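Visitor: This structure is in C-alpha cells; I'll ask about it shortly.
The values are calculated or read from the model by the stated rules, or taken from the named source; none is laboratory data. Everything quoted here is computed from the prediction, not taken from an experiment. For neighbour counting, all protein chains shown are included, and Cβ atoms are generated from backbone atoms with ideal geometry for every residue, glycine included. Side chains included, ligands, DNA and RNA excluded: accessible areas come from the protein's heavy atoms. Shrake-Rupley method; radii C 1.70, N 1.55, O 1.52, S 1.80 Å.
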Amino acid sequence: MKTSRCVVGLIVVLAVGTAVAQVAPTLAVRLRGLASYYGDSQGRIPVNLDTGEVLYVSTSERRAPFSIYTAGAPVADDARVAACGLDAAGGAVACNTTYDGALLNGLQYLKPLNPDPTGVRVQCKEDEGFTLCNFVWHTCVVCSTFECTPIPC
C-alpha cells in the first residue's frame, strides 16, 4: 500500500506542476512580446488592415478611454483590447473593439514564422457572436479568441 500511495502522490504533484506550467501569460507579457517583434520605433504595435489603413493595438481598463499601447506599459489582465487610429496629438481615436484577443492570437501565431511585420495584412469582424480575424502574409490564417487555423490563400 505504501508504494501505491507514493506513486499516486507523485502523479498528483506532476499533474499540479504541469497545470501551473501551462498558465497563460499575462496580457502585459503578451503585448510586450508582440511589441518587441512588431513594434514601430515608438514601441507601438501597428496593425496593417487589408484596406491599407494602419491602426494601433490599444488597451483600456474598466471605463477609461483607450490608449495606444507602447512597449512595456503596464496593462491589467482584464483590460480591453482594440485597434485605434491616431489623432494629431498621438491619442487613440475611432477604436474598434472587434480587434481583440483574436488579433493578439493571430500576431502571436505568425511571429515564429518570421513574417515581415509590414507585410502582414489583417481584417477582423464579428461573425455570429465570435470575432474572426483573417491574416494574409505568405501564409493565410484565420484566428478567433481561442485558436488560429491556416487556410488556403
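Visitor: Kindly write out, for segment 91-100 in residue order, the coupling ³J(HN,Hα) from the Karplus curve 6.51 cos²θ - 1.76 cosθ + 1.60 (θ = phi - 60°), rounded to whole Hz, with x marking Gly and Pro.
Guide: Running phi through 6.51 cos²θ - 1.76 cosθ + 1.60 with θ = phi - 60° gives x, 7, 9, 6, 6, 10, 6, 4, 7, 10 Hz.
Visitor: Could you go through segment 134-141 in sequence order and give the Karplus-derived ³J(HN,Hα) for each residue, using 6.51 cos²θ - 1.76 cosθ + 1.60 with θ = phi - 60°, rounded to whole Hz, and x for Gly and Pro?
Guide: 9, 10, 10, 8, 6, 10, 9, 9
Visitor: Report P(r) for segment 42-153: all Cα-Cα distances, bin width 10 Å, range 0 to the bin holding the largest distance, values in whole percent.
Guide: 15, 48, 32, 5, 0
Visitor: Mind listing the long-range amide H neighbours of Thr145? Cut-off is under 5 Å, sequence gap 5 or more, other chains count too, H placed in the peptide plane at 1.01 Å from N.
Guide: Ala102, Thr131
Visitor: Using the 2.2 N^0.38 Å rule of thumb for compact globular proteins, work out how segment 49-110 stacks up: its C-alpha Rg over that value, please.
Guide: 1.09
Visitor: Using a 1.4 Å probe, how large is the accessible area of Glu126, given in Å² and rounded to the nearest 10?
Guide: 100
Visitor: List the residues, sorted by chain then number, that are 5 or more residues from Thr139 or on another chain and whose placed amide H is less than 5 Å from its amide H.
Guide: For Thr139, no residues qualify.
Visitor: Determine the gain in length on full extension of the stretch Ala64-Glu128; use 0.36 nm per residue of separation and subtract their C-alpha separation, reporting nm with one decimal.
Guide: Stretched out fully, the Ala64 to Glu128 stretch lengthens by 20.3 nm.
Visitor: Spelling out what I want: for every residue of segment 103-110, take phi, set θ = phi - 60°, compute 6.51 cos²θ - 1.76 cosθ + 1.60 (Karplus), and round to whole Hz; glycine and proline get x.
Guide: Ordered by residue, 3J(HN,Hα) equals 5, 4, 4, x, 5, 5, 4, 6 Hz.
Visitor: Taking loop as defined by DSSP and a crowding limit of 11 other beta carbons within 10 Å, which chymotrypsin sites (Phe, Trp or Tyr not before Pro) in segment 50-153 fit?
Guide: Filter output for segment 50-153: Phe146.
Visitor: Hey, what's the per residue convex hull volume over the C-alpha atoms of segment 97-144, in cubic angstrom?
Guide: 60
Visitor: Working with all protein chains in place, sort Cys148, Cys133 by solvent-accessible area computed with a 1.4 Å probe, largest first.
Guide: Cys148, Cys133
Visitor: To the nearest 10 square angstrom, what accessible area does Asp50 show with a 1.4 Å probe?
Guide: Probe radius 1.4 Å; accessible area of Asp50 about 100 Å².
Visitor: Once amide H atoms are placed 1.01 Å from N in the peptide plane, what residues at a sequence separation of 5 or more from Tyr99, or on another chain, have their amide H within under 5 Å of its amide H?
Guide: Ala83
Visitor: Taking a 1.4 Å probe, which of Ser41, Ser144, Ser58 shows the most accessible area, and what order do the others take after it?
Guide: Greatest to least solvent exposure: Ser41, Ser144, Ser58.
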